[in-house]
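Engineer: The structure under discussion is supplied below as structure tokens; questions concerning it will follow.
The values are calculated or read from the model by the stated rules, or taken from the named source; none is laboratory data. This is a predicted model, so every value here is computed, not measured. Cβ: placed from backbone, ideal geometry, glycine included. Neighbour counts: every protein chain shown. All accessible areas refer to the heavy atoms of the entire protein, side chains included, with ligands and DNA or RNA removed. Shrake-Rupley method; radii C 1.70, N 1.55, O 1.52, S 1.80 Å.
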Amino acid sequence: MKTLFAHRGVSALAPENTLSAIKLCHTHGIKWFEFDVAVLKDGTLISHHDDTLDRCTDTSGALSHTTYSQLSKVDAGAWFGDSFVGERIPTLLEVIHCMNDLKLNANIEIKAGILSETESEAFLASITEQIKGIEPTIAVIVSSFNHILLKRFKELNPHIPVGCLFTKENLWEDWKSIVQWCKADYIHPESSGLTKSMVQDFLATGLKVNVWTVNTLDRANELFNWGVNGVFTDIPHLFPSAYKSTTNRY
Ligand code: G3P
Ligand code: MG
């Protein structure tokens, strides 16, 4: 089974991590998307990649200094294109509503920022509570580069599959003990530098393998020929239709 994850939604066609980018999955027949979850100063959970607003909005500032009421004045679409002026950064609850509405599966990536132990616990408790609103027919994978948070998330949510994210720089020989420690079902390695023998080692442990971020069809093809289960891509709309026919669960 070959699974395409629309990375930050269909982020080649709409501003990343927005409802517009997510809704384009439905338009293009893509069943899975990935998005990033971060937390604001007042504890509101939002769909956003960076620790700051600087790169993908009309405003500069740290999420840790921003409240939900301030966010309502922030434009997250004008930087991307005229047709997205007025686009907002969605809350996690708004994304969940969209998932339920359009029957879309999601990889929820937890972005930790710099949080204290108490703040981390509150963040994970809040995610745990809000994702209970996802309809049971919809599949979810939760992932993070922060393996401490991911392990704690899995303790709180043993029934939800989790994936350990690795950059090529932090993928060392200890990957196996990290995924075991997290009780991870998936490993999510970076595409750059990933080899066939590494993929074979992952698969041999019983892990499923989803690779990020794969923005060419030939690299995706190579990875699938090596046995990976899925790829995250900014251009899922350009893949042949056979990749998009994946049923909801795999
Ligand atoms: O979850 C896959 C990928 O999104 C990880 O990297 O930086 O795009 O969140 P990043
Ligand atoms: Mg991500």
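Engineer: Explain nothing, just the number: dipole magnitude of segment 122-181 about its Cα centre with +1 on each Lys and Arg Cβ and -1 on each Asp and Glu Cβ, in debye rounded to the nearest 20.
Structural biologist: Values: 6 positive and 6 negative charges, 11 e Å.
Around 60 debye, computed over segment 122-181.
Engineer: Rank-order 154-160, 103-109 by packing density, defined as the average count of other C-beta atoms within 10 Å over each peptide's residues, highest first.
Structural biologist: On the way: 154-160: 13.0, 103-109: 23.3.
Top to bottom by mean Cβ count within 10 Å: 103-109, 154-160.
Engineer: So, one more: Restricting everything to alpha-carbon atoms, can you work out Rg to Rh for segment 42-174 with a Kirkwood hydrodynamic radius?
Structural biologist: On the way: Rg = 15.8 Å, Rh = 16.2 Å.
Rg divided by Rh gives 0.97.
Engineer: Would you kindly calculate the mean projected area, averaged across all directions, of the convex hull enclosing the Cα atoms of segment 144-250, in square nanometres? List each step's numbers first, then the result.
Structural biologist: Numbers: hull surface 27.8 nm².
Average of the hull's projected areas for segment 144-250 equals 6.9 nm².
Engineer: Let me ask another. Accessible area of the chain with a 1.4 Å probe: how many percent of it is carbon plus sulfur? Mind showing how you got there, number by number?
Structural biologist: Numbers: 6060 of 11130 Å².
So the carbon and sulfur contribution to the accessible surface is 54 percent.
Engineer: Hey, another quick one. Mind ordering 11-20, 196-205 by average Cβ neighbours within 10 Å, highest first?
Structural biologist: On the way: 11-20: 22.9, 196-205: 14.2.
With the highest mean Cβ count within 10 Å placed first, the list reads 11-20, 196-205.
Engineer: Given the DSSP H assignment, sum -39500 (n - 2.57) over each helix run of at least 4 residues in the chain and divide by its residue total; what's the result at 222 nm in deg cm²/dmol, nearest 500?
Structural biologist: Numbers: 9 runs with 78 residues, N = 250.
That calculation yields -8500 deg cm²/dmol at 222 nm.
Engineer: If the chain between THR205 and LEU238 were fully stretched, how many nm would it gain, using 0.36 nm times the residue separation less the Cα-Cα distance? Mind dumping the intermediate values first?
Structural biologist: Working: separation 33, 0.36 × 33 = 11.88 nm, distance 3.21 nm.
Result for the pair: 8.7 nm of gain on full extension.
Engineer: Here's another thing I want to ask about it. Multiply the residue separation of LEU217 and SER197 by 0.36 nm, subtract the distance between their alpha-carbon atoms, and state the gained length in nm to one decimal. Mind showing how you got there, number by number?
Structural biologist: Details: separation 20, 0.36 × 20 = 7.20 nm, distance 2.07 nm.
Separation in residues times 0.36 nm, less the Cα-Cα distance, equals 5.1 nm.
Engineer: Of all the Cα-Cα pairs you can form in the chain, what percent are over 32 Å apart?
Structural biologist: On the way: 5282 of 31125 pairs.
That tail contains 17 percent of the Cα-Cα pairs.
Engineer: What lysines sit close enough to LYS183 to cross-link, taking a C-alpha to C-alpha distance under 26 Å and skipping anything fewer than 8 places away on the same chain?
Structural biologist: Filter leaves LYS2, LYS31, LYS111, LYS132, LYS151, LYS154, LYS168, LYS196, LYS208.
Engineer: At 1.4 Å probe radius, can you tell me the per residue accessible area of the chain in Å²? Mind dumping the intermediate values first?
Structural biologist: Working: 11130 Å² over 250 residues.
Dividing the accessible area of the chain by its residue count gives 45 Å².
Engineer: Using the C-alpha gyration tensor of segment 107-203, what are the square roots of 5 times its eigenvalues, in whole angstrom, with the largest one first? Mind dumping the intermediate values first?
Structural biologist: Values: eigenvalues 119, 51, 25 Å².
Gyration-tensor ellipsoid for segment 107-203: 24, 16, 11 Å.
Engineer: Separate question: Stokes-Einstein diffusion coefficient for segment 1-112 at 37 °C in a medium of 0.692 mPa s, Rh from the Kirkwood formula over Cα pairs: what value in µm²/s?
Structural biologist: Values: Rh = 13.9 Å.
Calculated translational D: 236 µm²/s.
Engineer: Answer with one residue from HIS159, THR137, TRP175: the one whose Cα lies farthest towards the positive end of the charge dipole of segment 96-177, charges on Cβ with Lys, Arg +1 and Asp, Glu -1.
Structural biologist: Projecting each Cα onto the dipole axis, the largest value belongs to THR137.
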